[in-house]
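Below: one structure, written as structure tokens.
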């Protein structure tokens, strides 16, 4: 299911039709976290000799990314409720376009960043706080690890820094930013520059 197309890897997936996980539903957020822990466990077994680069957001964060700690492994790169589907009693992870290497701490922070972005747009900080608690508690239990609140916050800031960089350098940005409307870019800028 994986083919080399020049310097690109093409991956074919079976079609899955199902709803995304709901970031407001505790059971589904816990399921999201358990699925990420299982994905990280699986990806950890892959070597780092593959030609994939660092996750794009880490590359765009520049030297600030050096502050992250922990072993480097293959990451999904864009893990969020939008990229996980319910398929009966199974959870299906989709959209590996941003796959690359980095520390697990960054991927967790990136997932939190995505939910924080939506909560900020909707002026609902409590939804983010609930999600973060449910998600981190469930990930910690499933992965049998301890998460650093400081490390997670640093990862969120790195991801916000990547957004700032992409808004300043749109030619290097992901397609969603390059093709965004001026209004959407203003919203992204407001979020990127908020404290």
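Listing for the model above:
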item: Burial ordering of 86, 32, fewest other beta-carbon atoms within 10 Å first; result: 86, 32
item: Cα-derived Rg to Rh of the range 2-193, Kirkwood definition; result: 0.94
item: Value of [θ]222 nm, deg cm²/dmol, for the chain, DSSP H segments ≥ 4, -39500 (n - 2.57) each, nearest 500; result: -16000 deg cm²/dmol
item: Spin-label model distance (nm) - residue 172 vs residue 86, 7 Å beyond Cα toward Cβ; result: 4.1 nm
item: Top of 81, 174, 14 by mean-square fluctuation, Gaussian network on the chain, Cα under 10 Å; result: 14
item: Three-way shape label, the range 80-156, alpha-carbon gyration tensor, a/c 1.5; result: rounded
item: Whole-number percent relative contact order across the chain, with pairs defined as alpha carbons under 8 Å at least 6 apart; result: 24 percent
item: Listed residues 102, 151, 62, most fluctuating in the chain (Gaussian network, C-alpha, under 10 Å); result: 62
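Each reported figure results from applying straightforward, stated rules to the coordinates on display, with no laboratory input. Every value quoted in this text rests on a predicted model; they were computed, and no experiment measured them. Backbone-built Cβ (ideal geometry, glycine too); neighbour counts: all protein chains shown.
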